[in-house]
1. How high is the FRET efficiency from Leu10 to Gln39, r the C-beta distance, R0 45 Å, rounded to 0.05?
2. Each label point is 7 Å from the Cα along the Cα-to-Cβ direction; what then is the distance between the points at Thr254 and Ser372, in nm?
3. Show the residues, 5+ positions off or on another chain, whose built amide H is closer than 5 Å to the amide H of Ala452.
4. Quick one: Karplus J couplings for region 437-451, per residue in order, coefficients 6.51, -1.76, 1.60, θ = phi - 60°, nearest Hz, x for Gly and Pro?
5. What are the residues whose amide H is under 5 Å from the amide H of Gly243, where those residues sit 5 or more places off or on another chain and H is modelled from the backbone?
6. Here are some pairs, Lys462/Lys493; Lys197/Lys231; Lys163/Lys230; Lys163/Lys277; Lys469/Lys585; Lys231/Lys277; which of them have Cα atoms lying more than 23 Å apart in this structure?
7. So if I place +1 on the C-beta of Lys and Arg and -1 on the C-beta of Asp and Glu, and nothing else carries charge, what would the dipole magnitude of region 212-292 be about its Cα centre? I want it in debye, nearest 20.
8. What percent does the relative contact order of region 474-603 come to when contacts are Cα pairs within less than 8 Å and at least six residues apart?
Amino acid sequence: MRMSIKMIVLFSCVTALLIVLNTVLSINTELRALQTHEQETLTVVSQQISSEIEENLAFMEYGIDSLAQNNAFMEALSTIDSLGEEGAHTTKYTEAQNTLSTYLYHEPLNDRFYSINVITNSGFILSSHFQKFELIESYSDELMQQMSLMSKLMDSKVRLNSKQVITPHPDPWDIYHSGSKSISVYSMWSNAIYHGKNIGYLEVNALTSDLKSIFEIPAMDDFLASGIYKKRTTEKMQELYRGSNDTIQYTDITPGVMTTCVDKDGMNYYVVSAYNKNLDLTIYAAQRTDEYTASVHTAIRSHFLTGLLVLIITILLIVVLSFSLTHSIHKLTEKITGISKKTLVEVGQLGSDALRKVTSKRDQEVRILEDSFDEMLQALQTSTQTEIQLRESTLRARLNALQAQINPHFIYNTLNIIAAKSMETGNEVVIDICDHFAQMLRYSTDLRSKTATLREEIENAKNYLLLAKFRYEDKLTYTINVPDCFLQKVLPKLSLQPIVENAISHGYQGSHGDFSIAISGEIDEAGSLHLTIRDNGCGFDEFVLLRLRHEFDCIEKGELSVVENTGAHIGLVNTYRRLYYFSDKRIKMLLCNDNGAVVEMIITQMGKES
C-alpha cells in the first residue's frame with residue numbers, strides 16, 4: 001500500500017475518532033447545560049411564585065391585623081355581638097355598626113382584595129364588598145347555613161388566635177351568583193378575640209384568578225405550577241392552587257432538586273419544588289420533558305452535522321496534503337526501483353537518468369535521502385566493480401596457491417636431504433637445526449585453524465629461540481615462565497614469535513654483549529592474562545616509541561593509517577593490528593622501556609579453552 005494511502009487512512013481514522021470524541025463530549029456538555037438550565041429555570045420560577053404568594057398572604061394578614069388591633073373597631077364588634085338581633089334597632093347598635101363601617105370601608109386594602117368581612121357569633125355580617133354584590137343578610141338562615149359550610153373548610157387543629165388560609169372555594173356570601181357562575185375566592189380567616197373572648201371572625205377574600213396569574217406563566221410552554229399544603233389533614237384544604245390540567249403525582253421530591261414525575265396520562269414532567277417555611281407551603285414548578293427532549297434532539301443534530309461537515313473538510317485536506325507530502329517519496333521510490341543490478345554491473349558509469357533529481361527542493365529531508373542514495377549508488381557501483389575484480393583475483397590466487405603447494409614439500413625434502421647428509425657426517429647440530437626449522441614451518445603453514453593454545457604459541461616461539469641460539473650460542477639466553485594452568489588459553493595463531501623476533505632483530509643491533517629474552521605470564525583481578533616479552537637490549541628509541549603508540553591508538557580508534565615501510569618495528573604494528581581485530585578488540589598491546597624493551601599483551605577471555 002502506498003504511503004499516501006496509509007497516511008489518508010491513518011489520519012482519517014484518527015481525525016474521525018477525535019471528532020467523534022469531541023462531538024460526544026460537546027453533546028454531553030450541552031445536555032448537562034440544558035438540564036442545569038432547566039433545573040435553574042424551574043427553581044427560579046418556583047422561588048418567585050413562593051415569594052409572590054408569601055407577599056400576597058402577608059397583605060391579607062396585614063388586613064386582618066389592622067382590624068384586630070384597632071380597639072375601637074373590636075369594641076364596636078363586641079357591642080354588636082352582645083346586643084344580637086334583638087338590639088339591632090337600638091341607638092347603641094347603630095353607633096357600633098357605623099363605627100365598623102367607618103373602619104371597614106376606609107381600609108386601604110380594599111382595592112387589593114376582593115372583600116374584607118367581619119362576622120359575629122350571633123349572626124351579624126358586614127363586608128367591604130357590598131357595593132358590588134348583594135350579600136346574605138345578617139341573622140338570616142342563609143348566613144347560618146353558609147357559616148356551617150365555612151367551618152368545614154377550616155382546620156380544627158388551628159389555634160384560637162392564629163390565622164388560617166382557606167384554599168379556593170365559591171364565595172359563600174355572594175347570593176347574586178350561584179352554581180357554575182359563583183365567584184371563586186381564597187381566604188384568610190382569623191378569630192376575632194376581644195378581652196379574651198371569641199366574638200366572631202375576620203376574613204379577607206381574594207379572587208382565585210389572582211392566584212392563576214401568579215402560578216401560570218404564559219411565556220413557558222407546557223408549564224404547570226401548584227401550591228400545596230402537605231401537612232393539612234383535610235384534603236380540600238391542601239391545594240392552594242392547582243391548575244385544571246395538572247394531574248401530576250408529586251411524590252418523592254426533594255426541594256431544590258429536579259425530579260421526573262408522571263401525570264395520570266403517563267406524560268413525564270421535570271419538577272422542582274420550593275418549600276416556604278413561613279407559610280408551610282410547597283410550590284411545585286413543572287414542565288413537560290418534551291421541551292427538554294426537543295432541545296436535546298436539536299443539540300445532537302446540530303453537533304452531528306457540524307462534526308460531519310468538519311470530518312468531510314478534514315478528510316479532503318488530508319487527501320490533498322498526503323499526496324502533496326508523499327509526492328517526492330513516491331518519485332524517489334520509482335527511482336530506486338528503477339535501478340537494476342544490470343545497471344550496476346554491466347554499465348561502467350551511471351548515466352544522467354539514474355542520477356537525475358526527482359524530489360522537490362522543498363522536501364529537504366527527502367532531498368537529503370535522495371542525495372545520500374545517489375552517493376550510495378555511486379559507491380555501490382564502485383564496490384560492485386571492486387567485488388568482481390576481487391572475485392577474479394581470488395580465483396587467480398587459488399590457482400597460484402595450488403601451484404605453490406609444491407614449495408613446502410620441496411623445502412621439507414631439502415631439509416630431509418640436509419639432515420641425512422649431516423647424519424652421514426655425524427653433524428648433529430645441523431640435524432637439530434633442520435628439526436626445529438621443520439617444526440616451525442609445519443606450524444606456520446598449517447591453515448586448518450586460525451587459533452592456537454598458549455602452549456602451542458610458546459612451543460613455536462621456543463623453536464625460534466633455539467634456532468637463534470644456534471647462531472648466537474652462549475651470548476643468547478632465554479627464560480619462559482608461564483603457569484601451566486594458563487597454557488590452555490586460546491589466542492590467535494603466530495602471536496608470540498613475531499614479537500620475539502622483533503626483540504632479537506631490533507634490541508641487539510650492533511651489540512656485542514649477551515642477549516636475554518624473558519617470557520612471563522600472570523593473571524590480574526579481572527581474569528585477564530598479562531603476557532610479557534622482555535629483553536635487555538637497547539630498548540625503543542623515544543621517537544619510535546611515540547610513533548608506535550600513536551599507531552596503536554589509531555588501531556584502537558578504528559582509524560586507517562598507512563605505516564611507513566622503514567623497517568623499524570613495522571612488524572609490531574602489523575602484529576597488533578592483526579591481533580586486535582582478529583580477537584574482536586579483546587587483545588591489547590602495551591610498549592615501554594625498562595632496562596630494555598618491554599612488550600605486554602593483555603588477553604581477555606577468548607572463548608572456550610582447549
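1. Values: r = 43 Å, r/R0 = 0.96.
E(calc), rounded to 0.05, equals 0.55.
2. Placing both labels 7 Å beyond Cα along the Cβ direction yields 6.5 nm.
3. Those lying under 5 Å, H to H, from Ala452 are Leu491, Lys493.
4. Each residue of region 437-451 in turn: 5, 5, 5, 5, 5, 5, 5, 6, 9, 7, 9, 5, 9, 8, 10 Hz.
5. Answer set, sorted by chain and number: Ala225.
6. On the way: Lys462/Lys493 15 Å; Lys197/Lys231 29 Å; Lys163/Lys230 17 Å; Lys163/Lys277 15 Å; Lys469/Lys585 34 Å; Lys231/Lys277 12 Å.
Those over the limit are Lys197/Lys231; Lys469/Lys585.
7. Working: 9 positive and 12 negative charges, 102 e Å.
Computed charge dipole of region 212-292: roughly 480 debye.
8. Working: 192 pairs, mean separation 39.2, N = 130.
In percent, rounded to a whole number, it is 30.
Here, each number is a calculation from the coordinates, and none is a lab measurement. Remember, it's a predicted structure, so these values are computed and weren't measured experimentally. Quick reminder, even Gly has a Cβ in these numbers, built from the backbone with ideal geometry, and neighbours come from all protein chains shown.
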